[in-house]
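The values are calculated or read from the model by the stated rules, or taken from the named source; none is laboratory data. Everything quoted here is computed from the prediction, not taken from an experiment. Don't worry about glycine lacking a Cβ; one is built from the backbone with ideal geometry, like all the others, and counts go over all protein chains shown. The protein model used for the area step is the full one, side chains on, heavy atoms only, and it has no ligands, DNA or RNA in it. Shrake-Rupley method; radii C 1.70, N 1.55, O 1.52, S 1.80 Å.
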Amino acid sequence: MKIGIILCHDPADLPSDIDDVIERAIASQEGDEIRYYRALYGEIPTLDSIDDLDAIVCRGSMKSTYDNEPWMLSLSEFFRSAADSKLKMVGICFGHQLMNIAFGGTVARNADKKFIFGAEDVKINIPKDMKEMKICKLLEDCKTLRMLQSHGDEVAELAPGARLLGSSGSCQNELVLIRDNILTSQFHPDLTPQLMMDHIWHSVLEKSLVKEEDKEAIENGIKDLDTDRFLRIVKEFIKE
């Protein structure tokens, strides 16, 4: 498979090995190819540049979608232009939010105004009229998915026509199918507990988004995750 990964963070904020999580999960076979687009620096995909790709994965960011920076607007336009192509699109955290905005949804601060950092149990709920869709068949044995979280914003209103597939106690719109070829998640299947605590923790601590006294409880809570299971589902979704 050929996968394009849209990076929306400054390299100074995260280590380079964060990209290995996606590579190992969905593009680890001989012949697989990863192509990176650093959107923060104006590297925006075009229909011509992605013609040979099977999928695009848009990652997280320390930015907020409602900053409306020029690169975000350009990226949203790309999502809309590619929506009717054969391309599969996967949005993660910031990518999830921006894709929903691109198709008419809204993003706001978390409903409880707290920064979510740790792990949450995402309850999967497949609408009855969607049970025959491949992504729903892939999810049908998942009652809950325990997934890593790091976000201060969330999708407040889904894009018109989007379908909700999963919610957690802290976020209603956790897993969304915007269109048949566009799957987005507020949670982070692209992170590991080590990356969370060794790198992202320090950044959010400096911004006073978390408290030092909460560190032990957070570390104890980010175990027994379903990251690998969900990434296998994403891989099958892309392969369809």
Exercise for the section: Select one label from [x] 18.2, 56; [y] 26.0, 94; [z] 16.6, 50: the one whose number is Rg and Dmax of the Cα atoms in Å as derived from the coordinates shown. Expected result: [z]
Problem - Spatial separation of Cα centroids for region 134-150 and region 165-216, in angstrom - result: 15
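Suppose R0 equals 25 Å. What FRET efficiency, 1/(1 + (r/R0)^6) with r the Cβ-Cβ distance, do GLU23 and THR144 give to the nearest 0.05? All intermediate terms of the calculation are to be shown ahead of the outcome.
Values: r = 27 Å, r/R0 = 1.07.
E between GLU23 and THR144, to the nearest 0.05, is 0.40.
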Handout entry: FRET efficiency, LYS2 to ARG179 (Cβ-Cβ, R0 30 Å, nearest 0.05)
Key = 0.90
Exercise for the section: Could you tell me the accessible area of LEU40 in Å² (1.4 Å probe, neighbours in place), rounded to the nearest ten? Expected result: 40
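Explain nothing, just the number: relative contact order of region 95-147, from Cα pairs under 8 Å at least 6 residues apart, as a whole percent. Before the final figure, lay out the partial values.
Values: 30 pairs, mean separation 18.3, N = 53.
Once divided by the residue count of region 95-147, the mean separation gives 35 percent.
Using a Cα distance threshold of under 28 Å, what count of lysine pairs results for region 181-240 when pairs must be 8 or more residues apart or interchain? Intermediate results must be reported in sequence, preceding the final value.
Details: LYS207/LYS215; LYS207/LYS223; LYS211/LYS223; LYS215/LYS223; LYS223/LYS235.
Final tally of qualifying lysine pairs is 5.
Can you list the chymotrypsin sites (Phe, Trp or Tyr not before Pro) in region 137-240 that are in a DSSP coil and have 12 or fewer other beta carbons within 10 angstrom? List each step's numbers first, then the result.
Numbers: sites: PHE187, TRP201, PHE230, PHE237; in loops: PHE187.
Answer in residue order: no site qualifies.
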Fill in the blank from the handout: Taking a probe of 1.4 Å and leaving out DNA, RNA and ligands, region 28-79 shows per residue an accessible area in Å² of 51
Fill in the blank from the handout: By the mean-Cβ-within-10 Å protection proxy, highest first, 139-145, 30-36 rank as 139-145, 30-36
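Once R0 is set to 30 Å, what does the formula 1/(1 + (r/R0)^6) return for the Cβ-Cβ distance between HIS202 and SER64, expressed as a FRET efficiency to the nearest 0.05? Can you show the working numbers first?
Working: r = 20 Å, r/R0 = 0.66.
Between HIS202 and SER64 the formula returns 0.90.
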Handout entry: Under 20 Å from the THR46 label point (7 Å along Cα→beta-carbon), backbone N, region 52-82
Key = 52-57, 70-82
